[in-house]
Structures are given as structure tokens and as C-alpha cells.
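Undergrad: Let me begin by handing over the structure; questions about it come next.
The values are calculated or read from the model by the stated rules, or taken from the named source; none is laboratory data. Quantities reported herein were computed from a predicted structural model and do not represent experimental measurements. Note that we place each Cβ from the backbone using ideal geometry, even for glycine, and neighbour counts take in every protein chain shown. For accessibility, only protein heavy atoms count, side chains too; no ligands or nucleic acids. Shrake-Rupley method; radii C 1.70, N 1.55, O 1.52, S 1.80 Å.
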Amino acid sequence: MSLSRFLLKRALQGLFVIWGVVTVVFGLRFISPGDPANVLLPPDVSESTRQQVVAELGLDQPLYVQYLDYIAGLLVGDMGTSLVTKTEASGRIIGKLPATLELAVAATIVAVVIAIPLGVLSATRRHEPADYGATVFSLAGISTPNFWLGIMLIIVFAVQLNLFPTSRRPVGIDDGVAHLVAFQFGLAWNDLSTWLWHVTLPAITLGTYFTALITRLTRSGMLEELGQGYVRAARAKGLPETLVRYKHALRNTLIPIITVVGLQLGTLIGGAVITEAVFNWPGLGTLIINSIQARDWPVVQGSIIVIGVGFVVLNILVDALYAYVNPQVTYD
Amino acid sequence: MSRDTRSSVGRRDFLKAAGGAAATASVAGCLGGDDGSEGEEQPDEFEVSITQGQMPSGLDPHDHRETPTDVVMLHAYEGVLSRNADGQVIEKLATEYERVEDGQVRFSIREDVQFHNGDDLTPEDVAYSINRIVQEDVGFASPQRDQLAGVTGAEAADGERAVVVTSDGLNPVVFQEFATYCDVMQQSWVEDRSKDEIGKQMNGTGPFVLDDYTEDEEVVMSRNEDYWRDPAEVSQLTFTAAEEASTRVNQLLNEETDIVVNVPPQEVNRVEDSDAARIAAAPSTRIIYNAMRYDVEPFSSQQFRQAMNYAIDLESIVSNVLGGFGEQTGQPTLEGFVGHNPDVEPYPYDPEEAERLVEESGHAGAEIELHTPVGRYLKDLEIAQAVAGYIDELSNVSASVNQRDFGALVDELLTGNIEDKPPWYLIGWGEATFDGGLVITALLTTDGALSSYSDEEIDEMMEQAGSQAAEEREQTIQEVNGMLHERAPWIYLNRQYSVYGASERIDWSARSDERIDAYAISQQ
């Protein structure tokens, strides 16, 4: 199967998945407690005002009409109107995407940079103190709740030591890049350093679980590869040990890791919710939490759909990349 | 998505610079008055940042009903009347206010007031603003319509700088309403703009002018140098929001912000112990209570309801659960409100009397369940657990707590049908007008929006109060409060405190009406 046919097939499958997501998300609203009109309006408004608001929101229409309207809207990028700000929900959601993507990518970089060397170290020094250290680290990483780690990092590194800000994100990386492109190096440096300064703690918080996961994956993958015949053959040929380990064994270990990294990126986007709330990071996660609290259904639904679409796209890309990196895999 | 390049400067750098300037300036300022309005030269840079739980839902002052939005609005928009820090009604854009006849009041409008765009304030603008709220055909269905209850319309008096406001009926609370609600907007400015634009721009008469609004992220304002009073001491005002209480407190302790709202009791010590910030608290207008449905057993018995009040150690709940940030209540009307009865004391803690009354009521052995929201009010769940705990200790009643989603609970309370409500629930009610009559009408009369109680005598008296002049009305409501203490439709709990954290670099005190007024902030 050619790459383009493979992509087409996966895209069609993806559309079905997205349709499923949309339907479930739409249905969720009707089994969730809390009438949006009641949360939107104070308890003492008159019944006529209440009904008027309900009619304005289209909540008085039959279910199937609301569903079809919703799908029709989505097809043209209309996710409805935010109940809280009364502006387009899609605008609010898309506006938050860069912040969340930045955080997810930064967390991934933190994870990959720490985890792969650690995993390799752990595998090559098997049953030595370094290996035990790495194992303890990854165990701790997997079992530490994000919100707790985030709060601890803030208390120690922001409040006590005063090294980092506690929260918020005054500039996005896009500002820095824009200034860089416009040859405004002073401003670009200012933006990028401010951004880095703000992103460090959230990225570590969000990346820790992921770091632990990849460390373990790298370790077991390396151990397996190092036991393979081709490694023994390479050693027998007299290749230097570093070349054997990093050029041959690590390269093969990386193939499954790419898959995990790709898929985890999706998880990070969705899982950033708690980290974003702790650090008041102005991304999708904070938006979702605030919107759930305000019963701002159009925004909650739209955000979940965006995350769902993100997952589907990433899945397809990872599959394609996987096959590209590993020629043994065919598109089928 | 464009962003102001000013924001690329780290906030910390900015604060450092501003702090330096502030230190120099405060040496000169400390001998002056403490209200920051002495007419002296104002320091150039005094930036203040306020972090609430939520961002404003938009910038149209007539299209919201939330305190966080109100707090932002009051810096750019002003009403005809206002309140001082003690909650008393004062003149703002009106120089005088008077009742012309039943159902008609008159405001004389201040001269020499300009909107932020430089145009003069006219009585027509005031009348238009009132009509925009109460008349749908003028603007839209404003969610504030019920806040100006009874008001039917307004018009500028011919040839005079005055506005005449008409109500249906006497409307005894009309000045209280105008002191809390109805920001004045400029008619032509509103008419020239789309709904969307009005929600993103500001043009009021207030002490601060909008600089930059990033939806969901921040509102930046700067001092209005042409304000009709002295310009504010604060030069730049930034509003941000953080949903998580611990995030807000950390921002405060790290000197990233100057005022944070709703510091939870468990974080109070952390703020008090820090050099950077302190706690500022004030009794709010919110009362927390346990309603008991009068139409179901065992709560249909007055003795049983009284027993529930005797059963709890309210003093201990206030000091231990709320860390002292609360006041005991014994009637639905808070101290300082119209109609508060000073002779009514909270029920004392007397478990033996409670047990006796339960026996007398014939409901010994009752099992009851308290429905409570979680995280909506200061320590709501913990209060509910304490209440149920005390009642459960009685030998002849057992009680438990049912944690509820706030939205779902409110849905049940709002159907207008008493049978949909839980028999026993914890809820809070804030009344920014400081009027006890409105509280009782909404919560304790048969047709009240949120009522679980019905008593013909109370209904009649409240109806009477609706057509009485101020003093007489006050007496009637006081009497009703005494009766409601006796009849115990609620377990009377606490008056909630607003607990803020404030930076040591500012001089500011908390207010009862939950308004954070940056005009009253000066440098420490």
C-alpha cells in the first residue's frame, strides 16, 4: 500500500472516530447535572427572563434539532457561542491552543532529554547503583501526582528560592519567533527568556510522569537490543562499544519510543488540565476547568473535540513516521 | 492574535522598577492624608495587580451578574449612587436624590463629569442607562433587570440637570438598588457600537481607563487623569484570574500580584507568616444557612427545627472550622442590613434542650440527611459535616451529609416547586443591597425564588412592608426577623467573611460588599 493510500484510509477512519467523539460529547451535556441557564442566571431572575435566555441559547429545541445544528456548525468551524463571554467558542478555544501546545512540547523535550540518556545508562550499568537510582527515579516519577509535584515545585523554587515565577505566561513563544523573524533580536531574546522562565516549572511538572515512562521503556528496549545477535556480531567484529550501543542498539530502541512519544504528546495535551490549573497557564486545560465550573458547555464540548481531533491526527502521523523509520513495517 | 509588546518585559522587572519609584515617592507622601486624595502630586508609577477567581465575562456593565465582573467594571463605570466602605448609600454621579412621590424618585446629575472619550455626561445618558437595563426594547434582555426591581423607566427632566425615575408602586428599596447597580454609559457611544464591541471596550466616567483587554487573560487599565475627583494614586491597574486558591496565594507571596480573593483558612497562616503580604478580611453580605422544608417530617415540626438550632455549637464552628472568619447568626437578616433585629441572639448550644425538644416534637429516632455543595462557599463541606456531626451526637436523631454538585443542587432549588427540593440543605445567599426585606422575600416567603418555607403571617407582613415608608418598613422587618428566629425555618449558621490576601506594599482594606476599589488603594 502506498503512503498516500494509507493516509487516506487512516483519515477516513479518523473521521469516524471524530464523529463518535462529537456525538458522545454532545450527549454528555444532557446527562450532566446543572442546567446552564441556572448557572448563568442568578436564582432570583423572573421566569420570563429565564425562558428568554433558554430560547436564545436554543435549549428549548428538540434534541435532534440541536444535534444536527451542532454538527452543521462544526463543519463550518462554528462551535457555538460561549455562554459566559457570549463570544464565539471556537475563537476562545483556538486562542488557547498555542499555550497548551507549547507546554506539551516543552514537557516532551524535558522528558526526552532526561529519559533517553537515563534509560541508556540504566541498561548499560545493569544492577549497578546508577541503574537502581534510575529505577527509583522512574518509580517515583510514575507515582507522583502532577498537582502535588507542581505545588511543591512552586513552593520550593518560586516562593522560597524565588528562582521562577509561580504561574501565568505573559508571552508566547510565537511572539519571540515573530520578533526573531523581524530581526528584532533584543525583543526576541526578551520574549524567549521570559517564556523559558515561565515554562520551566510547568514543563517539569507535566514531563515528569512521561520522563519516568520513557526511562523505563528505553532501559528495557536497550536491554533487549543488547542481547540480540547483531549486537554480539558487531562486538565480535571489534566495533567500539560506544558505537555498538548508540549507533546500533539505541537506534533500534528508539523506534517504539517514537510511537510512545507521539501518542503521549496527545495525552499531554489532554492531561495538561491539572498542571495548567496549578500554574494558571492560559491554555486549553485552564479553559476547560473554568468552563466546566461555569457550565459553559459550548466551550467544554469544543475543547474536547479539539483534543480528540489532535489525538486522531497524531495517531496517523505516528503510524506514518513509524513505518518510515522502520522499513520492516509496511503500510497496511 | 496580537499582543501588546509591553508585556514582553518580565513582570518582576517591572515590579522592581515600580517598587523603587514607589519607595522614593512614599517618603514624600507619608505625611499627607491617608486617603490618597489630598490633591498632591501623584507618584508616576504605582502599579497594582488584582487576582480574582474568574476573569470578567465581558466588559458590558449591564450584561453580567457576577462579582468578579463587577469588580472590574466599577473602576471604569459609575452609577448615580454608590456606597462607602461601611455600606452606606452615598452620592456618586448624582449630587442629590429625593423621593418626589410614591413610585417616583429624582436624581440631580453632577456637572463637569466627562466620559473617557472626552464627552460630557448628560442626564439623557443616565436615563438611557436605566432604560437600557429595565426596558428590553431599548437594549437587550439585561440580566440586571431584576436588580432594579420595580423600576419601570427613566427620563431626563426638561431643562434641568435631573433624571426622574418611575417605579410601579412605592418601591421602598429604590435607592438601595441604585447604590449597588446601574452603571452609567454614554448613549451615543453605545448606539454606535455592536454588542460585541461594547463587550470588549469601555467608556465610563470612572477613575480608570481601559488600556488592554485580553479575554480570559487580563484587563489592564490606567489612571484617568481627567477624573472628576482627584486622580487615583494607582497609575496602572491589572486584573488577572486564577481559579486555584493555592495558585493565587503563591502569586501573592511571590509578589506577582497585590490583592488576591478568597484565601482559604488553611492558607491564612502562610500569608500571615510571610513578609510580603497580610490577610485582610471583612464580613461579607452572604449568609450561610441550612434550610429545612416546612412541609415534610420531621422538619414540619417547629420544635424539631428549634432543636436542630440548639444542637449545634455555632460558636465552635465559627472559631474552629472557619478559623474565626465568620459571625454567628440567629436571624435571616445580617447586622448592618435594613431590618436587622438587634435583640435577637443566635441560638445557644444546648444539646439537652435539643434532645428534649426532639422528644416533644414526636420525631425521636429521625434519620436526616444534609445536602451540601462542595467548594462553593468558604468551608461549606466542613461546616455541613460539623452540623451533621453535632446533630448526630444527639441521642435521638441521626444525621449524615450528602455532598452535591452545586449546579445540580441549585437546579432542584430553582424549579419553583417545593417538592423538588431536598428536605434539608446548606446554601448561601449574598444580598448586595444590604436589605433584609429582599432576603426574606426571596428565601422565606411562600412564593420566594428559593423558599422552602411558608407562613401566612410572614407573607402578609412582608407584603405590608412592600408598601411602607422606610422607618415603618424597617420595624416590620425587624419584627419578622424576631418571628423567624422563633419559628426556626433554618438552622442559622454564619455570616461569611471575604478573606483577601494583600501585599504589604499597598494600603488597602477589605469591604463588606465584596468590591475591591483600587481608587482607595495607596502606597504603604
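Undergrad: Could you state how much accessible area is buried at the B-A interface, both sides summed, with a 1.4 Å probe, in Å² to the nearest 100?
TA: 3800
Undergrad: What order do you get for A:25-31, B:368-374 when each peptide is scored by the mean count of other beta carbon atoms within 10 Å, highest first?
TA: Highest mean packing first, the order is B:368-374, A:25-31.
Undergrad: List the aspartates and glutamates whose Cα lies under 17 Å from the Cα of B:LYS379, skipping any in the same chain that are fewer than 8 positions away.
TA: Output for B:LYS379: B:GLU243, B:GLU244, B:GLU267, B:ASP313, B:GLU315, B:GLU327, B:ASP405.
Undergrad: Explain nothing, just the number: relative contact order of chain B, from Cα pairs under 8 Å at least 6 residues apart, as a whole percent.
TA: 19
Undergrad: May I ask you to work out the translational diffusion coefficient for the protein assembly as shown at 25 °C, viscosity 0.890 mPa s, via Stokes-Einstein with Rh from the Kirkwood sum over Cα pairs, reported in whole µm²/s?
TA: Rounded, D is 81 µm²/s.
Undergrad: Kindly write out, for region A:87-103 in residue order, the coupling ³J(HN,Hα) from the Karplus curve 6.51 cos²θ - 1.76 cosθ + 1.60 (θ = phi - 60°), rounded to whole Hz, with x marking Gly and Pro.
TA: Values, residue by residue: 10, 5, 4, 4, x, 5, 6, 4, x, 8, 4, x, 4, 5, 4, 4, 5 Hz.
Undergrad: Separate question: Check cross-link reach from B:LYS195 to the lysines: straight Cα distance under 18 Å, and skip same-chain residues fewer than eight apart.
TA: Excluding near neighbours in sequence, the set is A:LYS86.
Undergrad: Would you calculate the convex hull of the Cα atoms in region B:143-289 and tell me its volume per residue in Å³?
TA: For region B:143-289, the hull spanned by Cα atoms encloses 197 Å³ per residue.
Undergrad: While we're here: What aspartates and glutamates does A:LYS247 reach when the alpha-carbon gap must be under 14 Å and sequence neighbours fewer than 8 apart in one chain are set aside?
TA: Answer for A:LYS247, where 14 Å is the Cα cut-off: A:GLU225, listed by chain and number.
Undergrad: Averaged across the residues of B:73-79, what count of C-beta atoms belonging to other chains lies within 10 Å of each residue's C-beta?
TA: Partner-chain Cβ atoms within 10 Å, mean over residues of B:73-79: 0.
Undergrad: Please report the base-10 log of the normalised intensity I(q)/I(0) for chain A, using a Debye sum with one equal scatterer per alpha carbon and no solvent, at each q in 0.07, 0.09, 0.13 (1/Å).
TA: -0.40, -0.63, -1.13
Undergrad: If you count, for every residue in B:239-246, the Cβ atoms of partner chains within 10 Å of its Cβ, what is the mean?
TA: Taking the mean over all residues of the peptide, I get 5.
Undergrad: To continue, here is another question. Only sites in a loop by DSSP and with at most 14 other Cβ atoms within 10 Å count here; which GluC sites (Glu not before Pro) in region B:202-276 make the cut?
TA: B:GLU225
Undergrad: With a 1.4 Å probe and all protein chains left in place, how much of the accessible area of region B:357-415 comes from carbon and sulfur atoms, in whole percent?
TA: 39
Undergrad: Kirkwood hydrodynamic radius (Cα pairs, Å) of region B:97-192?
TA: 13.6
Undergrad: For a protection proxy built on the mean count of beta-carbon atoms within 10 angstrom, sort A:240-246, A:132-138 highest first, please.
TA: Going by the mean number of other Cβ atoms within 10 Å, highest first, we get A:132-138, A:240-246.
Undergrad: Further, regarding this structure: If you place +1 on the Cβ of every Lys and Arg and -1 on the Cβ of every Asp and Glu, how big does the dipole about the Cα centre of region A:17-174 come out, in debye to the nearest 20?
TA: Here the size comes out at about 560 debye.
Undergrad: Right, here's the next one. I'd like the Kirkwood hydrodynamic radius of region A:1-150, using the inverse of the mean 1/r over distinct C-alpha pairs, in Å.
TA: Over region A:1-150, the inverse of the mean reciprocal pair distance is 20.8 Å.
Undergrad: What size of dipole, in debye to the nearest 20, comes out for chain B about its Cα centre when the only charges are +1 on Lys and Arg C-beta atoms and -1 on Asp and Glu C-beta atoms?
TA: 1020
Undergrad: On the Cα set of chain B, report Rg and Dmax in Å, please.
TA: When restricted to the Cα atoms of chain B, Rg and Dmax are 24.4, 74 Å.
Undergrad: Placing +1 at every Lys and Arg Cβ and -1 at every Asp and Glu Cβ, with all other atoms neutral, what dipole size does region B:257-350 have around its Cα centre, in debye to the nearest 20?
TA: Around 280 debye, computed over region B:257-350.
Undergrad: Further question: Evaluate peptide A:84-91: per residue, the Cβ atoms of other protein chains within 10 Å of its Cβ; return the mean as an integer.
TA: Across A:84-91, the average partner-chain Cβ count within 10 Å equals 5.
Undergrad: Assuming a ≥ b ≥ c are the square roots of the Cα gyration tensor eigenvalues, decide whether region A:198-256 counts as rounded (a/c under 1.5), prolate (otherwise, with a/b larger than b/c) or oblate.
TA: Here region A:198-256 falls in the prolate category.
Undergrad: Mind ranking B:446-452, A:225-231, B:136-142 by how tightly packed they are, going by the mean number of other C-beta atoms within 10 angstrom, highest first?
TA: B:446-452, B:136-142, A:225-231
Undergrad: What does the charge count near A:ILE173 come to, summing +1 for each Lys or Arg and -1 for each Asp or Glu among other residues with Cβ under 11 Å from its Cβ?
TA: Neighbourhood net charge equals -3.
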